[in-house]
Amino acid sequence: MARDLGPKCRVCRREGMKLFLKGERCLTEKCAIERRSYPPGEHGRGRIKQSEYLLQLREKQKARRYYGLLEKQFRNYYEKASKQQGITGEVLLRMLELRLDNVVYRLGFAASRSQARQLVRHGHFQVNGRRVNIPSFQVRADQIISTRPGSSAEQVIRDATDLTASVAPWLQADHDNLTGKVLRAPERTEIDTPVSEQLIVELYSK
């Protein structure tokens, strides 16, 4: 499984905002953004010329890191989205939101997307009663996500639900029984990803 093993707090500082990559730590004063809000590196506090390309690149990098994808994976999602009907940027975000690891995180069954990805990879979740260990699995409307019976990660998942204040309106969660359901595909207004998808489309359209 390809993944970025670099320091996660450094990524948030680079993007200048919390991407909630470390779960509960992001909600405390230990969060790197709270302590050092400037970009990492020797020239982190210097002035940076904001060119059009840089703005587009930063939005793409922000979205890619937010969902925990490598460049090739993210590019593949864009190419698939560009071939579907609808606004490419919105289709792209919808596809990313419907990844199984993201749905698990949105349901509150994991403290972060990286934890959700690990739980899925280790086979702790089922989709419509069938074990699925592929984080990129595209979940569809009316499908039910549940923990595998006898899962050794049940307590970890229950601890994560305690950190969840609310669940996205396109999802339905039962934290007592650790089950969730995808009611429908999310609308753009229901996706709180802090990116401007149009800038990503402009970057890849060059």
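Taking residue 141 as the residue in question, decide whether it is of a type in the set (A, V, I, L, M) and surrounded by fewer than 19 Cβ atoms within 10 Å (Cβ to Cβ). Criteria met by residue 141.
Is the stretch 63-70 home to any residue that is outside any helix (DSSP H, G or I) and on the phi > 0 side of the Ramachandran plot? Yes; the residues of the stretch 63-70 include at least one that is outside any helix (DSSP H, G or I) and on the phi > 0 side of the Ramachandran plot.
Whenever a residue of the stretch 149-172 is closer than 12 Å to residue 115 by Cβ, its partners that are of a type in the set (Val, Ile, Thr) and surrounded by 14 or more Cβ atoms within 10 Å (Cβ to Cβ), lying with C-beta atoms within less than 7 angstrom and at least six residues away or across chains, give the pairs 157/147. Would you pick out the residues in the stretch 170-186 that are out of contact with any Pro (no Cβ under 6 Å at 6 or more places or on another chain) and closer than 13 Å to residue 141 by Cα? Hits for the stretch 170-186 are 171, 172, 180, 181, 182, 183, 184, 185, 186. Could you tell me which of the residues 155, 115, 198 is more than 20 Å from residue 60 (Cα to Cα), of a type in the set (S, T, N, Q) and surrounded by fewer than 20 Cβ atoms within 10 Å (Cβ to Cβ)? Being more than 20 Å from residue 60 (Cα to Cα), of a type in the set (S, T, N, Q) and surrounded by fewer than 20 Cβ atoms within 10 Å (Cβ to Cβ) holds for just one of 155, 115, 198, which is 155.
Hey, can you tell me all the residues within the stretch 84-104 that are within 10 Å of the chain's Cα centre (by Cα) and either modelled with pLDDT under 95 or among the polar types (S, T, N, Q) (or both)? Passing the criteria: only 102.
The values are calculated or read from the model by the stated rules, or taken from the named source; none is laboratory data. Predicted, not measured: the structure shown is a model, and the values here were computed from it. Positions of Cβ are backbone-derived with ideal geometry, glycine not excepted, and every protein chain shown enters the neighbour counts.
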